[in-house]
1. If I ask for residues that are under 17 Å from the mean Cα position of the chain (by Cα) and farther than 19 Å from L153 by Cα, which ones from segment 238-260 would you list?
2. Specify which of the listed residues (E161, E202, E168, E194) is over 28 Å from I296 (Cβ atoms) and over 16 Å from the mean Cα position of the chain (by Cα).
3. Among the numbered criteria (1) surrounded by fewer than 22 Cβ atoms within 10 Å (Cβ to Cβ); (2) more than 13 Å from the chain's Cα centre (by Cα), which one does F177 miss?
4. Pick out, from segment 63-158, the strands (runs of 3 or more DSSP E) lying fully within it that include 2 or more residues that are crowded, with 17+ Cβ neighbours inside 10 Å and more than 14 Å from the ligand (Cβ to nearest atom).
5. I want to confirm something. Restricting to segment 159-199 and keeping residues that are away from the ligand (no atom under 12 Å from the Cβ) and hydroxyl-bearing (S, T, Y), which single residue is farthest from I17 (Cα to Cα)?
6. What is the residue count in segment 188-234 for residues that are more than 21 Å from I15 (Cα to Cα) and surrounded by fewer than 21 Cβ atoms within 10 Å (Cβ to Cβ)?
7. Give all pairs with beta carbons closer than 6 Å in which a residue from segment 169-191 that is more than 25 Å from Q52 (Cβ to Cβ) and modelled with pLDDT of 95 or more meets a residue that is of a type in the set (D, E, K, R) and within 6 Å of the ligand (Cβ to nearest atom); count only pairs at least 6 apart in sequence or on separate chains.
8. Tally the residues that are without any contact (Cβ under 8 Å) to a residue 12 or more places away in the chain and assigned to a helix (DSSP H, G or I), restricting the search to segment 227-237.
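The values are calculated or read from the model by the stated rules, or taken from the named source; none is laboratory data. Every value quoted in this text rests on a predicted model; they were computed, and no experiment measured them. Reconstructed Cβ throughout: ideal geometry from the backbone, glycine too, with neighbour counts over all protein chains shown.
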Amino acid sequence: MHTLNINLPQKNYPIYIEKGLMNNIGEELKKIYKNKKIAVITDANVEKIYGQKIRDNLKNDFEVKMIVLEPGEKSKSIDVLQNVYDELLDFKITRADLIIAFGGGVVGDLTGFVSSTLLRGIPFVQIPTSLLAQIDSSVGGKVAVNLPKGKNLIGSFYHPEAVYIDPELLNTLDKRFLYDGMAEVIKYGCIRDENLFQNLLEYNSNKELFDSIEEIIYRCCKIKKNIVESDEKDTGERMILNFGHTLGHTVEKHFKYEKYTHGEAVAIGMYHITKKSENMGITQKGTLDKIKKILIKYKLPYELPNMNKKEVIETINLDKKNKGNDINIILLKRIGDSFLKKIDRKDMNMYI
Ligand SMILES: NC(=O)c1ccc[n+]([C@@H]2O[C@H](COP(=O)([O-])OP(=O)(O)OC[C@H]3O[C@@H](n4cnc5c(N)ncnc54)[C@H](O)[C@@H]3O)[C@@H](O)[C@H]2O)c1
């Protein structure tokens, strides 16, 4: 088992990573939670495959209520939030009880937000089930729901009591979501871990990738832990995690979140900004080729689709992460070494 501890001024919590961890999740939870009531929030896909397993694991020691959402981003909405609050109140949940987020990033973000707001805060734990959730969204405390005007517009920072990561759950994940998560794994390699990047290039099959998945997840979570510990509220170093995201968000939005997954859009963003920075002499020559090679290998797109440049820049200007006249972009010096560059809005067109 790999263990990481997130150490923040207001909160410390562990991340456990182990194949098969779900098989005795009840025993694990007993170590940190002494009351009876547990509400498990999940989605219908995860419930169908693992619902019985989690119920069986918890039923001897806890009183369990399952709340099952429709799979997909649409569930991160105010309407769904309202229903979840109602179900939890019907269950007579109190601040001494526990909520479990058991699913991908959608379930994790919504459950975290519910937990942070209902009764002014109920403890929760994360059991992430998608690759993206295991390496990214379950760690770092960002929780949110969407508004019709945009994604993640209502949210807060609220950390779980613990994160339990079982990489075996990924065996049932649809391939497109696996590669979607791989885009973020590749991003960690690009920004902080050349060795991880190199290993990813060398795996010859999904079997080889899965044989190393526990280690891969550990390395990604460790990078995120270090970054979150030094900049919990995302005002400086944490923005490094947005490598490829400025353009990526624009691509996702332009195609109404239908044509490209988040990871696919980030892949395009990472490739394109590096193309520009390598041309400008900021990024070591040859970096772009390596990125292209790895994206092709993990079945991710790299070419920018046909989009109106003016519209792209307007969308970037509206991004909530950009303040005043400055836009923060993340560039690579080389694979494994990244930095944040503040640029004037009027110079953004040089990077698109
Ligand atoms: N909080 C953060 O820091 C943060 C970071 C990145 C992304 N996010 C958010 O994460 C969300 C995307 O997360 P996601 O990609 O996990 O999407 P998701 O939660 O929709 O899961 C993807 C799909 O995989 C299915 N699934 C999940 N685990 C499975 C398993 N083990 N077996 C079979 N199917 C499984 C789900 O039912 C869903 O259909 C977005 O809303 C994004 O905003 C949050």
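1. Matches in segment 238-260: I240, F243, G244, Y260.
2. Going through E161, E202, E168, E194 in turn, the sole match is E161.
3. (2)
4. Of the strands (runs of 3 or more DSSP E) lying wholly inside segment 63-158, those with at least 2 residues that are crowded, with 17+ Cβ neighbours inside 10 Å and more than 14 Å from the ligand (Cβ to nearest atom) span 63-69, 98-103.
5. Y188
6. Here the count works out to 14.
7. Here the result reads E184/D136, each pair linking segment 169-191 to a residue that is of a type in the set (D, E, K, R) and within 6 Å of the ligand (Cβ to nearest atom).
8. The qualifying residues number 1.
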